[in-house]
Amino acid sequence: MAIIFNEQSKTFKLDTSISSYIIKIYEGGYLLNLYYGRKIPENMIEGFAIRAKNASFSPADSVMGEGDFAPDSAPIEYGCDGAGDFRISAIKVRNHNGDSVTDLRYLSHKIYQGKPFIKDMPASFAEKDEATTLEITTVDKVTNLQVTLVYTVFEALGVMTKSVQIKNNSDKDMFIERAFSLCNDFPKMDFDLISLYGRHYFERKIERRALAHGLQGVESNKGISSHCQNPFVALVAKETDEERGEAYGFNLVYSGNFSALVECDYNDSARLIMGINPNHFSWKLRPAETFYTPEVVCVYSPNGLGEMSRTFHKFYNKHLIKWKRKYEKRPVLINSWEAAYFDINSEKLLDFAVAAKDLGIDMLVMDDGWFGHRNNDKSSLGDWFVNQEKFPDGLTPFIDKVHEIGLKFGIWFEPEMISPDSDLFRAHPDMCVHAKGRAPMLGRTQYVLDVSREDVRDLIWEQLDAILSANKIDYVKWDFNRYISDADSAILPADQKKEFFHRFILGTYDLMNRLTTKYPDILLESCSGGGGRFDPAMLYYSPQIWTSDNTDTIDRLSIQFGTSLCYPASSMGAHVSDYPRAFYGTKADVALWGSFGYELDIRKLTEEQKAEFKGHIAPLLVGLRKSYIHICKWVNFENWRGS
Ligand code: DGJ
């Protein structure tokens, strides 16, 4: 059994094939995290220190008295705010009295086969015999706040997921001010913290630093997971490298503002919390309502980062990406963006299609510029109807011709945006994200559309659906090209304004759900100016993500290498382009590491180049992978981590 409860010692043991995790119900109902690491024998559930040391200034529970236990120095399973544990807390709820003391103690638990869904949120999934779940319900007896900690173990893969449900069991409103998905107390701080930082054009560089006393970590407050920090962190032993040493990897299944913080305290222990960023967040919880946090995927590897990465890859391919055709060979595509930018029309794209067919390419993707009166980035987002000047016969005859040539067809949208110069904005100026009395800021000459609102989602979905239902579309590229400022929704009351960011991302999920449910055969590739929203939640809907707007082969080496720390190779959109810094052969070797395509004017290729391109597309050979390893070595990335 992957999860057992020992009645005598009041201990839960959660096992995978390679890891164990132990929680104890301590005196007073405190939940303690006794162990997380290499798998240990079933009966080894006692003897773990609860570290009641150096707590001389720290208060104790009034019933238990000032003995050898203080919440501030114990390995608390889910750290609460204001009740004697002074470290960064995982939860803080303001009650009707106005204070936010939150003190959760054990109430009940249940263990069952399978894994529950998370309401309105993407999450990993499992058949009944693939996973076991433990739900521990805790309660704050004064406020009747009920918090359920949900753990699922995927025994075969060495993976555990954690999420939290927060329920108001009182008859008064409460306000959640922090609701982290994960809290993990480690008995030592002798770790390095690994994270993925970057910016537009240079996403997911690997950064490794030693933990130090105090607070450290990574966050996004840009409205999306962002190019700048990824919702991934790992804590690794000092000696850990690709092949050796312990690694604990954590990845949040969320596309909005996130926070992953580590606090090392006076006892040299480390607490990691991960979840929705509490900055710009609060949530009004009415009586009987439940708030669901996103989940964190936790991977433990005793054999270095390579094994950690491969476990994430296998897990995401099997248990997170929901596209039913995910194991089929992905189409090799030609994308019009770097080949033509906004200067597209039916004639030019049909020429592309003919040239693509000759090379053995499977699909033509019509990127930005086909709709409204869009000839540059200054107009038309929100007007998802065809540009008659560029496509005089309309979209359908053009798409049919692409299919007649023998290619699949893909189309580009940016559904969560609105241009000030658009019919949609002229009709509904209130639908852009803006704070009352302030002119909203522009980014790439566009505003953000307030998809936290259902009426806005309906309006935009109607337009997308009209295009998708009238045409045979095999692929959609879903873009998002600015961060979110002026965070507010016109329809939210004052005491709920800070719900905006989370509601926005739930709105995005709703739209993606509509698309993937009604059109389950469409291959969805998400994108955000390249890899600004490259996170596990997007992977749930879109089996591939455009990795970066940077298609320079040499830069791509480190971008793709960093991305592979937790995301599978098949999830990375990777194209051969006309960036000059390498030969086409090298470009293809690097792009073949991901889901492959081209992004250049293939009409201009010489006969010699055409012959070479045909060779790229021929069955992907082990030799190509070998040459990739060779390139990695050349630029000092010692190990191949592919899957
Ligand atoms: C940003 C994307 O990353 C590009 O690939 C392209 O689709 C442009 N947007 C189009 O505006």
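The values are calculated or read from the model by the stated rules, or taken from the named source; none is laboratory data. Everything quoted here is computed from the prediction, not taken from an experiment. Backbone-built Cβ (ideal geometry, glycine too); neighbour counts: all protein chains shown. These area figures cover heavy atoms from the full protein model, side chains too; ligands, DNA and RNA do not enter into them. Shrake-Rupley method; radii C 1.70, N 1.55, O 1.52, S 1.80 Å.
Across the range 358-381, what is the total count of residues that are away from the ligand (no atom under 13 Å from the Cβ) and within 21 Å of G573 (Cβ to Cβ)?
Counting residues in the range 358-381 that are away from the ligand (no atom under 13 Å from the Cβ) and within 21 Å of G573 (Cβ to Cβ) gives 6.
Please work out which residue is most open to solvent (accessible area, probe 1.4 Å), limiting yourself to the range 551-600 and to residues that are within 16 Å of the ligand (Cβ to nearest atom) and part of a loop (DSSP other than H, G, I, E, B).
D578
Any residue at all in the range 322-333 that is within 16 Å of the ligand (Cβ to nearest atom) and either in contact with a His (Cβ under 8 Å, 6 or more places away or on another chain) or closer than 21 Å to F596 by Cβ (or both)?
yes
Please find, within the range 299-317, the residue that is farthest from F117 (Cα to Cα) out of those that are open to solvent by 30 Å² or more (accessible area, probe 1.4 Å) and in contact with a helix residue (DSSP H, G or I) (Cβ under 8 Å, 6 or more places away or on another chain).
K314
For the range 503-522, how many residues meet the condition of being buried (at least 24 other Cβ atoms within 10 Å of the Cβ) and not β-branched (V, I, T)?
Selection size over the range 503-522: 1.
Of the conditions (1) of a type outside the set (S, T, Y); (2) out of contact with any strand residue (DSSP E or B) (no Cβ under 6 Å at 6 or more places or on another chain); (3) closer than 17 Å to N481 by Cα; (4) within 15 Å of the ligand (Cβ to nearest atom), W384 fails just one. Which one is it?
Answer for W384: the failing condition is (2).
I want to confirm something. Restricting to the range 204-261 and keeping residues that are assigned to a loop (DSSP other than H, G, I, E, B) and free of Cβ contacts under 8 Å to residues at least 40 places away in the same chain, which single residue is farthest from G79 (Cα to Cα)?
Initially, the range 204-261 is screened for residues assigned to a loop (DSSP other than H, G, I, E, B), giving 211-213, 220-228, 238-244, 246, 253-257.
Imposing the further condition that a residue be free of Cβ contacts under 8 Å to residues at least 40 places away in the same chain reduces the set to 228, 239.
Details: C228: 28, E239: 29 Å.
Among those that are assigned to a loop (DSSP other than H, G, I, E, B) and free of Cβ contacts under 8 Å to residues at least 40 places away in the same chain, it is E239.
Are any residues in the range 452-493 within 16 Å of the ligand (Cβ to nearest atom) and either open to solvent by 30 Å² or more (accessible area, probe 1.4 Å) or closer than 18 Å to G223 by Cβ (or both), and if so, which ones?
Of everything in the range 452-493, those that are within 16 Å of the ligand (Cβ to nearest atom) and either open to solvent by 30 Å² or more (accessible area, probe 1.4 Å) or closer than 18 Å to G223 by Cβ (or both) turn out to be W478, D479, F480, N481, R482, Y483.
If you scan the range 1-44, which residues turn out to be on the phi > 0 side of the Ramachandran plot and charged (D, E, K, R)?
Across the range 1-44, the qualifying residue is only K10.
For the structure I just gave you, tell me whether G437 is modelled with pLDDT under 95 and of a type in the set (G, A, S).
yes
Just give me the residues in the range 25-42 being among the acidic types (D, E) and out of contact with any strand residue (DSSP E or B) (no Cβ under 8 Å at 6 or more places or on another chain), in sequence order.
E27
May I ask you to list the residues in the range 444-467 that are of a type in the set (A, V, I, L, M) and either touching a Lys or Arg at 6+ places or on another chain (Cβ under 7 Å) or not in a helix (DSSP H, G or I) (or both)?
V448, L449, V451
If I go through the range 589-608 residue by residue, how many of them are of a type in the set (A, V, I, L, M, F, W, C) and over 23 Å from S542 (Cα atoms)?
3
In the range 250-267, is there at least one residue being at positive phi and at pLDDT 95 or above?
No, every residue in the range 250-267 fails to be at positive phi and at pLDDT 95 or above.
Examine the range 47-54 for a residue that is in a loop (DSSP other than H, G, I, E, B), without any contact (Cβ under 8 Å) to a residue 24 or more places away in the chain and surrounded by fewer than 14 Cβ atoms within 10 Å (Cβ to Cβ), and state whether such a residue exists.
Step one: filter the range 47-54 for residues in a loop (DSSP other than H, G, I, E, B), giving 47-54.
Remaining after also requiring without any contact (Cβ under 8 Å) to a residue 24 or more places away in the chain: 47, 52.
Adding the requirement that they be surrounded by fewer than 14 Cβ atoms within 10 Å (Cβ to Cβ) leaves 47.
Yes - at least one qualifying residue is present in the range 47-54.
Here are the criteria: (1) touching a Leu at 6+ places or on another chain (Cβ under 8 Å); (2) among the polar types (S, T, N, Q); (3) part of a strand (DSSP E or B). Tell me which single one T311 does not satisfy.
(3)
Of the residues that sit in the range 531-550 and are assigned to a loop (DSSP other than H, G, I, E, B) and surrounded by fewer than 24 Cβ atoms within 10 Å (Cβ to Cβ), which one is nearest to the ligand (Cβ to nearest atom)? Before the answer, list the steps.
Taking the range 531-550 first, the residues assigned to a loop (DSSP other than H, G, I, E, B) are 532-535, 542-543, 547-550.
Now restrict to residues that are surrounded by fewer than 24 Cβ atoms within 10 Å (Cβ to Cβ): 549-550.
Numbers: D549: 5, N550: 10 Å.
Checked the range 531-550; the qualifying residue nearest to the ligand (Cβ to nearest atom) is D549.
With the condition kept exactly as written, say whether any residue in the range 506-523 is of a type in the set (A, V, I, L, M), assigned to a loop (DSSP other than H, G, I, E, B) and closer than 21 Å to C228 by Cα.
no
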